[in-house]
Amino acid sequence: MGFKCGIVGLPNVGKSTLFNALTKAGIEAANFPFCTIEPNTGVVPMPDPRLDQLAEIVKPQRTLPTTMEFVDIAGLVKGAS
């Protein structure tokens, strides 16, 4: 089970730049509105040292850290519903 996070906001405010910083994806982030048309998705592992400590106690066959899925959504404009 992972977490999901949508990055939403007005056009040309840095959503794709934030997405690139979080996911290291390298998608285009240009200085004009509507550079992003289709949503971009990236999955980032979320390591947690507590998981390693629990695994030492319980000794499972494998440990699987959770993930965070980020979605870069095109800019929101008034009346675009």
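Among the residues of segment 19-51, those identified as among the hydrophobic types (A, V, I, L, M, F, W, C) and in contact (Cβ under 8 Å) with a residue 40 or more places away in the chain are 19, 22, 27, 34, 43, 46. Checking each residue in segment 12-24 for being in a loop (DSSP other than H, G, I, E, B) and within 15 Å of the chain's Cα centre (by Cα) picks out 14, 24.
Of the residues making up segment 1-24, just one is modelled with pLDDT under 90, over 23 Å from residue 76 (Cα atoms) and not aliphatic (A, V, I, L, M), namely 2.
Each residue in segment 52-81 was checked for being in contact with a Ser or Thr (Cβ under 9 Å, 6 or more places away or on another chain) and without any contact (Cβ under 8 Å) to a residue 40 or more places away in the chain, and 3 of them qualify.
Please determine, by comparing only the residues of segment 25-75 that are of a type in the set (S, T, N, Q), farther than 30 Å from residue 10 by Cβ and in a loop (DSSP other than H, G, I, E, B), which one is modelled with the lowest pLDDT.
So the first thing to find is which residues in segment 25-75 are of a type in the set (S, T, N, Q), and the list is 31, 36, 40-41, 53, 61, 63, 66-67.
Filter again for farther than 30 Å from residue 10 by Cβ, leaving 53, 61, 63, 66.
When the remaining residues are screened for being in a loop (DSSP other than H, G, I, E, B), the result is 61, 63.
Values: 61: 95, 63: 91.
Ranking the qualifying residues of segment 25-75, first place goes to 63.
The values are calculated or read from the model by the stated rules, or taken from the named source; none is laboratory data. Just so it is clear, the structure is predicted and the values come from calculations on it, not from any experiment. In this analysis, Cβ positions are derived from the backbone assuming ideal geometry, glycine residues included, and neighbour counts consider all displayed protein chains.
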